[in-house]
Amino acid sequence: MNNPLRQLDLNLLVTLDALLAEHNVTRAAERLHLAQPTVSVQLARLREAFGDPLLLPGPRGMRPTARADALREPLREALQALQSAVAPTPAFDPAHATHTWRVMASDYGESTILLPALPGLRAAAPATRLAILELTPPTLARRAELGELDLAFHITTEAPPQLHRRSMFHERYVLVARAGHPRLQRKPTLAQYCKLDHVIVSPNGGGFHGPADTALAEAGLARHVALSVPHFLFLAKVLTETDLVAMAPERLVRGNPALRTVEPPVSVPGFEMVMLWHERVHRDPAHRWLREQMLAAVASAPQ
């Protein structure tokens, strides 16, 4: 299909808009900061392109033809729309923003990142909304590409390589039990540790093996894992109401008076939490502001 725009310099439409407003070549040239001969040449090209004289000599300047009159409003609206489309992106104003943010995180990410960030978000951008989506690593990259989520928080070792990332913090494991646990008043020996009844978080469901078991196996040892749960928040509840113990991320249990933490007798590698987002929103001012809020909230949280 023939597209007439391909045969027309868009700058000519800007000239035509000025001519239709001024009805005078000289004044149109001044308005466009062009020489009068240049505008006269452009008017000739416009007449050829439209197959119409467009502007005719008159006693008080130039008079538009019927074709030109019909072009006036559609042309002005089209140029305004085009100007808006190519204008620089305005600065983000959180106080008046009405965005709905969609963020994917596990319950651990909710507690350690999103919960600390929430007061600042509500204070700075009260008309925005936040939807927290359950972390589903297999769909993360695709949903970010489709615009179905703005941010995700995940461990760096499982982060999709095609997404932008920013480190939030490095986490370590501590040994945790309820306050007053009779067998955890001090750091246990390795043998005592193995005899304790443990609870483990298995995000994929039903697993009874974790990083601590790998470290113990290398030393020819094993512990007794009595319970497997799918969520970190349920883990904290289990620990406060039973005599089970757990290797838990320190940030999750820090400051909880119902729990006691000690250094484990086995060295277990920690993990890095990262913030993830897609290239499609990488330079968006609103999205950059959101990322900065998340980073600031984590930076100001108790260490």
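Tabulated results
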{"read-out": "Neighbourhood net charge (15 Å Cβ-Cβ; Lys/Arg +1, Asp/Glu -1) for T156", "value": "0"}
{"read-out": "Separation between Cα centres of the range 1-70 and the range 110-148, rounded to whole Å", "value": "51"}
{"read-out": "Dimensions in Å of the range 188-262 - Rg and Dmax from alpha carbons", "value": "12.2, 35"}
{"read-out": "R63/A21 FRET efficiency (R0 22 Å; Cβ-Cβ; nearest 0.05)", "value": "0.95"}
{"read-out": "GNM result for the chain, Cα springs below 10 Å: residue of L135, L175, L32 fluctuating most strongly", "value": "L32"}
{"read-out": "Efficiency of FRET from Cβ geometry, A219 and L115, R₀ 51 Å, rounded to 0.05", "value": "0.85"}
{"read-out": "Per residue Cα convex hull volume in Å³ - calculated over the range 176-303", "value": "134"}
{"read-out": "Rule-of-thumb Rg ratio for the chain [Cα; 2.2 N^0.38 Å; N residues]", "value": "1.69"}
{"read-out": "Gained length - E148 relative to Q83, 0.36 nm times residue gap less alpha-carbon distance", "value": "20.5 nm"}
{"read-out": "Pair E250, H209: separation of 7 Å Cα→Cβ label points (nm)", "value": "2.8"}
{"read-out": "Normalised alpha carbon radius of gyration of the range 1-75 [divisor 2.2 N^0.38 Å]", "value": "1.05"}
{"read-out": "q = 0.13, 0.17 Å⁻¹, the range 43-184: log10 I(q)/I(0) [Debye, one scatterer per Cα]", "value": "-0.80, -1.08"}
{"read-out": "Accessible-area order (highest first, 1.4 angstrom probe) of the listed residues R291, R142", "value": "R142, R291"}
{"read-out": "Kirkwood Rh in Å, taken over all unlike Cα pairs in the range 1-127", "value": "18.8"}
{"read-out": "Per residue accessible area in Å² of the chain, where ligands, DNA and RNA are left out and the probe is 1.4 Å", "value": "56"}
{"read-out": "Percent accessible area from carbon and sulfur atoms, the chain, protein chains only, probe 1.4 Å", "value": "54"}
{"read-out": "For the chain, calculated [θ]222 nm from helices alone, where every DSSP H run of n ≥ 4 adds -39500 (n - 2.57)", "value": "-12000 deg cm²/dmol"}
{"read-out": "12 Å cut-off, amide nitrogen to a point 7 angstrom out along T98 Cα→Cβ, residues in the range 124-153", "value": "127-129"}
{"read-out": "Tensor-based shape of the range 176-217 (alpha-carbon gyration tensor, a/c under 1.5 rounded, otherwise prolate or oblate)", "value": "oblate"}
{"read-out": "The range 123-248: radius of gyration over Cα atoms, expressed as a fraction of 2.2 N^0.38 Å", "value": "1.34"}
{"read-out": "Rounded to whole Å, sorted largest first: equivalent-ellipsoid semi-axes of the range 140-181, Cα gyration tensor", "value": "32, 12, 8"}
{"read-out": "Sites A179 and E292, calculated FRET efficiency, Cβ-Cβ separation with R0 35 Å, nearest 0.05", "value": "0.40"}
{"read-out": "Test item: Cα-centred dipole of the chain, Lys/Arg +1 and Asp/Glu -1 on Cβ, debye", "value": "360"}
{"read-out": "Residue among M62, M168, M247 with the largest mean-square fluctuation in a Gaussian network model of the chain, springs linking Cα atoms under 10 Å", "value": "M62"}
{"read-out": "0 to 90° range, to nearest 10: angle between helix 66-86 axis and the chain longest Cα axis", "value": "30"}
{"read-out": "Fraction of the pair-distance distribution of the range 62-131 above 21 Å, Cα-Cα pairs, percent", "value": "57"}
{"read-out": "Kirkwood hydrodynamic radius over Cα pairs of the range 246-303, then Stokes diffusion coefficient at 37 °C and 0.692 mPa s, in µm²/s", "value": "225"}
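The values are calculated or read from the model by the stated rules, or taken from the named source; none is laboratory data. Everything numeric in this text was worked out from a predicted model, so none of it was measured. Neighbour counts run over all protein chains shown; Cβ positions are idealised from the backbone, glycine included. Note: areas computed on protein heavy atoms with side chains; ligands, DNA, RNA excluded. Shrake-Rupley method; radii C 1.70, N 1.55, O 1.52, S 1.80 Å.
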